2 protein chains.
Amino acid sequence: MKSRLYPVMILILVFLIGISILAGEHPKISKHNDGLHSSPIIHNKSVAQIQCMENAAYERNGALANLQERTVSQSVQVQMKDTKQSLGARTLLPTPVWIIGTYDKEGKSNMMTAAWVGICCSQPPCVTISLREATYTYSNIMERKAFTVNIPSEGFAKEASYFGSVSGRDVDKLAITGLTPVRSELVDAPYLKEFPLIVECEVIYTYKVGLHTMFIGEIKDVKADASILGENGYPDAKKLHSIIFSPGSAEFYKTGEFLGKLSELRKKIQE
Amino acid sequence: MKSRLYPVMILILVFLIGISILAGEHPKISKHNDGLHSSPIIHNKSVAQIQCMENAAYERNGALANLQERTVSQSVQVQMKDTKQSLGARTLLPTPVWIIGTYDKEGKSNMMTAAWVGICCSQPPCVTISLREATYTYSNIMERKAFTVNIPSEGFAKEASYFGSVSGRDVDKLAITGLTPVRSELVDAPYLKEFPLIVECEVIYTYKVGLHTMFIGEIKDVKADASILGENGYPDAKKLHSIIFSPGSAEFYKTGEFLGKLSELRKKIQE
């Protein structure tokens, strides 16, 4: 019985030697510190790199190392393997909800909901909005080189949805919703009186990216209702109650609870 | 006493004639229908247009119309005037929180928090992220022409804050946070195993906009933990719990309650 254990013990010994060779390649091993992920994690080694190291070990140690290689490979891949599901090449990230205010050729105000949007520069302060050429707002911006961004509070979710579902070519969306366009004194576009936070933009660049065109708007001013301002004079998300769009399922969500100030949160990471 | 009333009656008469002239210019008057704003609202007339009409009336009616003009002007401006406060030309809109994953020249993984971001095209599916040249991630993307977008759930708020507060040139942010980079099989960049939703991007355009450079990344795949998917197979914001950044006050917020499906919300507007 004892003699039958020797090959097994040799295998284990070779396995341990192999492990020590791998360890000699300096993988950083640390423990995840949030209590949720207690298994050791290897940093800074990709699966490909580790596979390469394993192949070298296989060549060094010959046939017996075959077992070792497969065992290590499996254990490493269990750590590195990610169980995420592929959803395909799609635009499936939560986005802000902006209402874009423009004038058409005749000076009629129009509002359109856009979610392919974002801040894109601090100096000069700029935003980007992406529109299809087919939209009424696209033509309006090409004509006027200006637009406003109007941030709806959650109470205007139905208007925000409506503004994104019909074209200003077919209906007068402002007359139907009863919202009030106010002429910007800074740019050639109207903003919405009833919305708590608005931004006046002048187009400085236009980039075509596939089906959409990106308009880069330089921010000329931000205007806010006093009711949504915090003590520091900035918009307070707790009072603004802006809307989040979830593509794919095409749903609106509220802005939720305060998570923390960045300056406080980052202190929780121990360097 | 009676004779002293005549000038007043003439004034009222002239005032009413003035009003009817203005009404002849077809302002659309509608009532706001949400019960909160009960005063009549004039659509599609800017303050400037109305002022122009008033000036014409003033010229027609001479000195007596002076009083009329001022009265009309006041009443119209009460309706049109917006009480918003100017906050200046600043980037003060709520934004998503994305962690950008890249490799440096030597293949070291880095993660950086970005909020000047957004979806920017549907076909091909693209995102834009804006970075300053001074950042480590900027150099990495210029080198590798690829990045990942990693969406932190609210439980990773401290990591998201930390990733935005230090440079990968100075520290190994992954070693410190204990998070796991996984090599993308589609693009030359790592994504975070622990984050519930990730996007693999290949850079197809680069645009310089002032202090920031916009990288347009074509989405090659979206990957998600099964735990955040809804019945329709799309990411469910109720399960994803992504973070919102409020610039100005530099705070993080949770994603809040479900407001509605767009297809349902828009039906609440009566055309």
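Observations on the model:
- The listed residues B:Met142, B:Met214 rank as B:Met142, B:Met214 when sorted by accessible area, largest first, using a 1.4 Å probe.
- Portion, in percent, of the accessible area of the stretch B:95-257 that falls on carbon or sulfur, probe 1.4 Å: 48
- Inter-copy label distances at B:Glu185 (7 Å, Cα→Cβ; nm, one decimal): 6.0
- A:Ser167 accessible area, 1.4 Å probe, all protein chains in place, Å² to nearest 10: 30
- Separation in nanometres of the label points that stand 7 Å from Cα toward Cβ, at A:Lys267 and B:Val171: 1.4
- Cβ-based net charge around A:Cys201, under 9 Å, with every Lys or Arg adding one and every Asp or Glu removing one: -2
- Set A:Lys145/B:Lys208; A:Lys158/A:Lys239; A:Lys220/B:Lys254 screened for pairs whose C-alpha atoms are more than 26 Å apart: A:Lys220/B:Lys254
- Solvent exposure of the stretch A:95-257 as accessible area per residue, Å², 1.4 Å probe: 31
- Along the axis of the charge dipole computed for the stretch B:95-257 (Cβ charges of +1 for Lys and Arg, -1 for Asp and Glu, origin at the Cα centre), the listed residues B:Ala189, B:Tyr136, B:Ile151 are led at the positive end by B:Tyr136.
- Area buried, chain B against chain A - accessible surface, total, 1.4 angstrom probe, square angstrom: 10800
- Checking every one of the GluC sites (Glu not before Pro) in the stretch B:225-270 against DSSP loop status and a limit of 10 other Cβ atoms within 10 Å picks out B:Glu231.
- Distance from the alpha carbon centroid of the stretch B:102-126 to that of the stretch A:201-252 works out to 21 angstrom.
- Solvent accessible area, Å² - A:Lys220, 1.4 Å probe, full protein context: 70
- Cα gyration tensor, the stretch B:158-271 - rounded (a/c under 1.5), prolate or oblate: prolate
The values are calculated or read from the model by the stated rules, or taken from the named source; none is laboratory data. None of these values were measured; they are calculated from a predicted model. Virtual Cβ from ideal backbone geometry, glycine too; neighbours counted across all protein chains shown. These accessible areas exclude ligands, DNA and RNA; they are computed on the full protein's heavy atoms, side chains included. Shrake-Rupley method; radii C 1.70, N 1.55, O 1.52, S 1.80 Å.
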